[in-house]
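Colleague: Next up is a structure, given as structure tokens.
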Amino acid sequence: MINTTYYQDLTKMNTFGMKVKARCFMEYDSVADLVDIEFEELARPVLHIGGGSNLLFTDDFKGTVLHSKINFIEILEEGSDVLVSVGSGVVFDDFCAWAAKEGLWGVENLSYIPGEVGASAVQNIGAYGVEVKDVIRTVYCYDTVEEEFVKFDVEECEYGYRDSVFKAPEVKGRYIVTHVVFALSRTPQPRLDYGHLRDAVMASSVSLSSDPRPATSSLTHPLAGGGMSLPSDTEEAMMSRLTPALIRKVIIKIRKEKLPEPSVMGSAGSFFKNPVITAEHFARIEAAAKAEYGPDYKVPHYDLPDGMVKVPAAWMIEQCGWKGRRSGGAAVYDKQPLVIVNYTGDAYPEEIVGLERRIIASVKAKFDIDLHPEVEHI
Ligand code: EPU
């Protein structure tokens, strides 16, 4: 069924909470509905949204907004991989919760990312060392130009950091994701190498375990008590107790501590991408930081396989003094400066964009780096 409304209020359909309207809004709940839509006839421009969690509406939308409510999760095949087909309108975290409950590994690190499954495959969402491309097998779409259903195997999606073939300017908007097939697994495969994730998971594995079996020894350590690990309880033994549900629980706790809850304070998650610079450029930045903070100071960074260096934009924004700063209704989030928030709940788009411009200018002046927004401006 297709539901069409005019001058639709979009405030609740964008996590930034921008108070804008769409001239035409169409929601559909089946793959077959797409065939019935006359794409040529729609008021232009046409924008397909998911959970509206990566968008900044800068004005009322003059064209047509489309939204999928295709909502199913279905196991297709149980082999060494468990292939799961998921509708584009499923809330991504509902899929993560379902997988955790089923004991399926693969998406637990992506828990609690706002947005829907269709958009996740376009944006290649990622967190805690995992990107959704790592578990995507096939993306099924409707081609609005040729008016036919097409599929893209993961290699054809040309995934990069928050990037895919679906975002290429020449095809943008042409393909509408209908469903995505993910390859999950019943074989444990925890990915804990990001930051302090391993420590956080190990700590909770001890305190949450209802059955703290002393793995290799029956002796009770005199200091062993509630929430403490036994010396004989090796990391290996702890690893064997891990479940996707437990990792999901830890990830949700970390995210809640660092990122604003969209229902409480509007935002679009990370506002900027983390920039990638040359090793020489990074060396200059590190030398300047050591001169300022002392020789032991270390600038956070990730060395990439190609010799380039990824530097957290959060660190640079903080260094420029923006952390927690307000500008009208907008603010830089005090716990994670990569996030710009609708602090008052009624920030104007201009206030968000003004803050964005000033952050970009000061990072450029201090570090000679151009920050690029991850959030799409509409
Ligand atoms: N940092 C600071 N000050 C802060 C916060 C962070 O200096 O106040 C530095 C720290 O050194 C920290 C580093 O920044 O180690 C990285 O911080 P964090 O682990 O929070 O990750 P991020 O690089 O800032 C990325 C994603 C997030 C994702 C996290 C965790 C991008 C643009 N953002 O942020 O994704 O949740 O990693 O994996 O890649 C999103 O895309 O909306 C999003 C929230």
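The values are calculated or read from the model by the stated rules, or taken from the named source; none is laboratory data. Here the structure is a predicted model, which is why all the values come from computation and not from measurement. Note that we place each Cβ from the backbone using ideal geometry, even for glycine, and neighbour counts take in every protein chain shown. Heavy atoms of the whole protein, side chains included, go into the accessibility calculation; ligands, DNA and RNA do not. Shrake-Rupley method; radii C 1.70, N 1.55, O 1.52, S 1.80 Å.
Colleague: In this model, which of 21/253; 256/323; 133/273; 298/335; 101/256; 323/364 are farther than 23 Å apart at the alpha-carbon?
Modeller: Exceeds cut-off: 21/253.
Colleague: Separate question: Just to check, using Stokes-Einstein with a Kirkwood Rh over alpha carbon pairs, what's the diffusion coefficient of region 135-180 at 20 °C and 1.002 mPa s in µm²/s?
Modeller: Result for D is 198 µm²/s.
Colleague: Out of all DSSP beta bridges with both ends in the chain, state the antiparallel percent to the nearest 5.
Modeller: 80 percent
Colleague: Restricting attention to region 300-357, which trypsin sites (Lys or Arg not before Pro) occupy a DSSP loop and are surrounded by at most 14 other Cβ atoms within 10 Å?
Modeller: 335
Colleague: Can you list the equivalent-ellipsoid semi-axes of region 73-184, largest first and in whole Å, using the square root of 5 times each Cα gyration tensor eigenvalue?
Modeller: Taking √(5λ) for each Cα gyration eigenvalue gives 22, 15, 12 Å.
Colleague: Sequence-distant or interchain residues sharing an amide H contact under 5 Å with residue 20, placed H: which?
Modeller: It is 10, 11, by chain and number.
Colleague: Work out which helices of the chain, taken as complete DSSP H runs, extend at least 18 Å along their axis over the Cα atoms and score a mean Kyte-Doolittle of 0.0 or more, then list them.
Modeller: Span-like helices, by this rule, are 349-367.
Colleague: Counting helices only, and only those DSSP H runs with n ≥ 4, report the 222 nm mean residue ellipticity of the chain as the sum of -39,500 (n - 2.57) divided by its residues, in deg cm²/dmol to the nearest 500.
Modeller: -7500 deg cm²/dmol
Colleague: Would you mind counting up the charge near residue 181? Only other residues with Cβ under 11 Å from its Cβ, with Lys and Arg at +1 and Asp and Glu at -1.
Modeller: -2
Colleague: Rounded, prolate or oblate: pick one for region 323-369, where a ≥ b ≥ c are the square roots of the eigenvalues of its C-alpha gyration tensor, a/c under 1.5 means rounded, and failing that, prolate if a/b is larger than b/c, else oblate.
Modeller: Taking the square roots of the gyration eigenvalues as a ≥ b ≥ c, region 323-369 is oblate.
Colleague: Report Rg (one decimal) and Dmax (nearest whole number) for region 224-358, counting Cα atoms only, units Å.
Modeller: 19.6, 58
Colleague: DSSP beta bridges in region 2-68, what fraction antiparallel, as a percent rounded to 5?
Modeller: Here the share of antiparallel DSSP bridges comes out near 40 percent.
Colleague: Further, regarding this structure: Chymotrypsin sites (Phe, Trp or Tyr not before Pro), restricted to region 58-119: which are DSSP loop and have at most 15 other Cβ atoms within 10 Å?
Modeller: 72
Colleague: Please give the per residue accessible area of region 2-68, computed with a probe of 1.4 Å over protein heavy atoms only, in Å².
Modeller: Dividing the accessible area of region 2-68 by its residue count gives 48 Å².
Colleague: Quick check: at a probe of 1.4 Å, how many percent of the accessible area of region 79-189 sits on carbon and sulfur atoms?
Modeller: 48 percent
Colleague: Here's something else I'd like to know. Please list, or write none, the lysines whose alpha carbon is within less than 21 Å of the alpha carbon of residue 19, excluding same-chain residues fewer than 8 places away.
Modeller: Correct list for residue 19: 62.
Colleague: At 4 °C and 1.567 mPa s, grab the translational diffusion coefficient of the chain from Stokes-Einstein with a Kirkwood Rh over Cα pairs, rounded to a whole number in µm² per second.
Modeller: Rounded, D is 57 µm²/s.
Colleague: Need the full-extension length gain, residue 170 to residue 2, defined as separation in residues times 0.36 nm minus the C-alpha distance. One decimal, nm.
Modeller: Stretched out fully, the residue 170 to residue 2 stretch lengthens by 57.7 nm.
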